[in-house]
1. Which ones in the stretch 174-201 are part of a strand (DSSP E or B) and either of a type in the set (Phe, Trp, Tyr) or surrounded by 14 or more Cβ atoms within 10 Å (Cβ to Cβ) (or both)?
2. Whether any residue in the stretch 84-91 is part of a helix (DSSP H, G or I), in contact (Cβ under 8 Å) with a residue 12 or more places away in the chain, touching a Leu at 6+ places or on another chain (Cβ under 9 Å) and within 29 Å of GLU219 (Cβ to Cβ) is what I want to check.
3. If the Cβ limit is 7 Å and pairs must be 6+ apart or interchain, which residue in the stretch 181-207 that is more than 27 Å from PHE146 (Cβ to Cβ) pairs with which residue that is at pLDDT 95 or above and assigned to a helix (DSSP H, G or I)?
4. Quick one: is LEU162 under 25 Å from TYR57 (Cβ atoms), free of Cβ contacts under 8 Å to residues at least 40 places away in the same chain and away from ligand 1 (no atom under 14 Å from the Cβ)?
5. Here are some residues: LYS74, LYS45. Which one is of a type in the set (Lys, Arg), within 16 Å of ligand 2 (Cβ to nearest atom) and over 19 Å from ASP212 (Cα atoms)?
6. Restricting attention to the stretch 123-137, report how many residues are more than 19 Å from SER16 (Cβ to Cβ) and either open to solvent by 70 Å² or more (accessible area, probe 1.4 Å) or away from ligand 2 (no atom under 14 Å from the Cβ) (or both).
Amino acid sequence: MPNEARYLILLGPPMSGKGTQAARLTQLLGIPQVASGDLFRENIKDETNLGLEAKTYIDRGDLVPDEITIGMVKERLHREDCRGGALLDGFPRTIPQAEALDEILADLGSFLAAVISIAVPEDILVARASGRRICRTCGHSFHLVFDPPGEPDVCDYDGGELYQREDDKPETVRQRLEVYQGQTSPLIEFYRVRSILREINGDQPIDDVAMDITAVINEL
Ligand code: AMP
Ligand code: ZN
């Protein structure tokens with residue numbers, strides 16, 4: 001029930017491995033992954049009004065305005081499958097989004113259990129971006145070097161075609177990192193002072209990061 005629900009945030013810069021870790025944890029914890037970037041990409045694929053509006057910001061590497069983003073995530077969190085909690089990936093990315101999240105969870109009769117912050121040095125983030133490939137069908141994220149698909153350009157789960165995200169190209173990655181530094185990294189302090197921040201070293205093999213995150217969650 002809502003009071004025992006577990007709402008967690010995975011916080012980190014683009015390419016820190018949040019999405020990969022979230023996808024693994026969601027099975028372990030039995031709560032859904034709520035990834036704002038995935039929700040936007042689904043809307044873009046379906047050519048919804050929200051998708052069309054969001055696309056111009058996403059293609060530039062900028063943040064989609066808070067009003068649009070908050071509305072989309074709020075609607076998602078109010079769905080039945082999030083009653084037991086959710087693993088937030090890519091949201092919040094601004095202080096106003098973090099404040100809105102508090103309200104959304106309060107409405108659901110719950111609160112944030114923890115914020116897991118994944119730290120990775122910036123030069124490594126840029127290097128990682130060039131190898132990321134996404135499935136057109138299910139959105140699963142692979143990496144040519146660190147998490148390669150069994151067959152080149154084919155999704156292991158559904159045979160879907162793998163593509164490189166437009167916003168993973170070097171120019172846009174740099175813009176996304178700047179946006180992270182300016183608008184999202186202040187959230188680390190925001191949550192640290194509330195004593196719900198847990199910091200993880202993201203510059204390790206995927207399995208080791210997963211172990212560290214699991215250890216942190218088991219302590220909650
Ligand atoms: P991601 O898949 O998390 O890297 O998100 C891809 C892009 O979607 C970001 O670069 C932003 O343009 C947009 N986006 C995702 N989440 C948010 C958010 N919480 N606030 C604003 N824009 C977002
Ligand atoms: Zn797939």
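The values are calculated or read from the model by the stated rules, or taken from the named source; none is laboratory data. In this text, all values refer to a predicted model and were calculated from it rather than measured experimentally. Here the Cβ positions follow ideal geometry from the backbone for every residue, glycine too, while neighbour counts run over all protein chains shown. Remember, those area values only see protein heavy atoms, side chains included, never the ligands or the DNA or RNA. Shrake-Rupley method; radii C 1.70, N 1.55, O 1.52, S 1.80 Å.
1. Filtering the stretch 174-201 down to residues part of a strand (DSSP E or B) leaves 197-201.
Within the stretch 174-201, LEU197, ARG198, GLU199, ILE200 meet the criteria.
2. Residues of the stretch 84-91 part of a helix (DSSP H, G or I): none.
There is no residue in the stretch 84-91 that is part of a helix (DSSP H, G or I), in contact (Cβ under 8 Å) with a residue 12 or more places away in the chain, touching a Leu at 6+ places or on another chain (Cβ under 9 Å) and within 29 Å of GLU219 (Cβ to Cβ).
3. Every condition considered, the pairs that remain are PRO186/ILE95; PHE190/ILE95; PHE190/ALA98.
4. On the way: under 25 Å from TYR57 (Cβ atoms): yes; free of Cβ contacts under 8 Å to residues at least 40 places away in the same chain: yes; away from ligand 1 (no atom under 14 Å from the Cβ): yes.
Taking the combined requirement at face value, the residue satisfies it.
5. On the way: LYS74 fails: within 16 Å of ligand 2 (Cβ to nearest atom).
Being of a type in the set (Lys, Arg), within 16 Å of ligand 2 (Cβ to nearest atom) and over 19 Å from ASP212 (Cα atoms) holds for just one of LYS74, LYS45, which is LYS45.
6. First, the residues of the stretch 123-137 that are more than 19 Å from SER16 (Cβ to Cβ): 135-137.
Filter once more, keeping what is either open to solvent by 70 Å² or more (accessible area, probe 1.4 Å) or away from ligand 2 (no atom under 14 Å from the Cβ) (or both): 136-137.
Residues in the stretch 123-137 being more than 19 Å from SER16 (Cβ to Cβ) and either open to solvent by 70 Å² or more (accessible area, probe 1.4 Å) or away from ligand 2 (no atom under 14 Å from the Cβ) (or both): 2 in total.
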